[in-house]
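Note sheet for the following structure.
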Amino acid sequence: MNKKLITFLTENNFTIESESAYSYVNEYQVSISQERTQNALYGGMSTIIQVFSHLEAEQLPSIQAFIKENKRTMHLIRYEVTELGVCIAVMNHFDTLMDTIQRITNYLNSQNTKNKEYCPITGEVLDEATKRKLYYNDFIVFLNEGSVELLNAQIEKAEQDFQNAPNNYLKGTLGAIVGGALGAIVWVVLGALAGVMSGWIAFLIAILAGLGYDKMKGKATNMKFVIAAIVTLCYVVISMLLVYILIVKSVMAENGLEGNPLTVLFELIELDDEIKSGFITDMILAVVFGAIGVFFSYFQMKKTLHKKQEKLK
């Protein structure tokens, strides 16, 4: 947790335990944690708030409409309304965060939703003598014993289903190649026309490769990142080579020369030390930018990779 969040939690009487914190606001369980994002302007961290409440199906539409309508004024970067309550994410708006939590809990109360007196999982009354404080999905929450058993059964089934699912690494690789090609086109166009190379374009290639992998149902293991990284680094090298070929082709056309631009390029590299040095430098820079793009894409892809959840104890 960053210092600003810790200060906010302390000032608002939240109990901090490890990387999470909890309290009661307007009689609702509220838990707060952080997750890494791509937004370096805010230290690369977003704050996640879960307001726990067992919501009935008929209550969901009005609550979703309220959050959507007030998303901008509450400075939300994303939100989710489920049977467990309302989960929101914000970027360091700690000056208005408590007001946002108050608004959400007040609205839940106005809709007669179940508060801290009830288990968020089953909706049954929480037994003060036997209720359990647990760390679930990065949040601290109080549950009945029966809910713990139910969640553990769900966790076990989800893990079994994932392990039994086909890997589809070949299909995922093909998807990554197609997806990464779209980003590579951007690299070639900008490189040939504007002389621009950027780690952000390499990041785009990596993200599109990851999306292509997912589109083809590749299994969400660490292999996804490995495949996307290899595809990205290959594409930045190939794209840089294509940029040089297009430049040579353009110069040849301007001077009325004929021939294979690839062959001419390699002849120039062999005969001209300055061109050779520039080519090698640009290739090294392409790999460096590719590595930077892969590095940043890792934090984005990490959210989509399968993470084995331990049973609640």
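Among the residues of the range 112-130, those identified as open to solvent by 30 Å² or more (accessible area, probe 1.4 Å) and modelled with pLDDT of 85 or more are ASN112, LYS114, ASN115, LYS116, GLU117, TYR118, ILE121, THR122, GLU124, VAL125.
Just one residue in the set LEU97, LEU55 is touching a residue at least 60 places away in the same chain (Cβ under 8 Å), buried (at least 18 other Cβ atoms within 10 Å of the Cβ) and of a type outside the set (Val, Ile, Thr); that residue is LEU97. Checked against (1) aliphatic (A, V, I, L, M); (2) under 30 Å from ILE88 (Cβ atoms); (3) modelled with pLDDT under 85; (4) open to solvent by 70 Å² or more (accessible area, probe 1.4 Å), ILE155 meets all criteria but (4).
The values are calculated or read from the model by the stated rules, or taken from the named source; none is laboratory data. What you are looking at is a predicted structure, and each value in this text was computed from that prediction instead of being measured. Here the Cβ is made from the backbone with ideal geometry for all residues, glycine too, and neighbour counts use every protein chain on show. Each accessible area value is taken on the protein alone, full model and side chains, heavy atoms only, with ligands, DNA and RNA left out. Shrake-Rupley method; radii C 1.70, N 1.55, O 1.52, S 1.80 Å.
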